Amino acid sequence: MVHFILLRERAPTILFVSAWSPTGLRLASEHGLTRADLNDTFLVLENGSGLIKSDGAIAILRHLRAPWSWGQGIRVVPRGLRDGLYMLIARRRYRWFGKKTNCFLPPAQMRARFIDT
């Protein structure tokens, strides 16, 4: 997902941290997420607020170029329905999109955007 975002973002403004790093686990805990929660969602911090599931995805879509940014229009759908769809995709993502055996390693010029690497 990180690689997808890096290739499609409008400007290099998003910072990334591994959910399983000390910083990632601390931030998750500060926003009420358990380790188990991190298997089903990711945390987006925006203006001091922690966003998860479909709200987090919509926040990311705002930073992407068209046509990906158009997906943020889904925010008009009630959160319960959006989150249900989000969870459906999250639980099947490896089956549908495959699972990488290696983590994405950022090139040297992007390393400053990755916390705890």
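The values are calculated or read from the model by the stated rules, or taken from the named source; none is laboratory data. These figures come from a predicted structure and were not determined experimentally. For neighbour counting, all protein chains shown are included, and Cβ atoms are generated from backbone atoms with ideal geometry for every residue, glycine included. Accessible surface is based on the protein model in full, side chains and every heavy atom, while ligands, DNA and RNA are left aside. Shrake-Rupley method; radii C 1.70, N 1.55, O 1.52, S 1.80 Å.
Of note:
- Peptides 18-30, 103-115 ordered by average Cβ neighbours within 10 Å, highest first: 18-30, 103-115
- Close amide H contacts of L64 (hydrogens built in the peptide plane, cut-off under 5 Å, sequence separation of 5 or more or a different chain): R10.
- Matching label, Rg and Dmax of the Cα atoms in Å computed from the structure shown, candidates (1) 14.3, 41; (2) 14.7, 46; (3) 19.9, 55: (1)
- Accessible surface of the chain, 1.4 Å probe: 59 percent of it comes from carbon and sulfur atoms.
- Rolling a 1.4 Å probe across the protein heavy atoms gives the chain an accessible surface of 70 Å² per residue.
- As a length-normalised measure over Cα pairs under 8 Å and 6 or more apart, the relative contact order of the chain settles at 31 percent.
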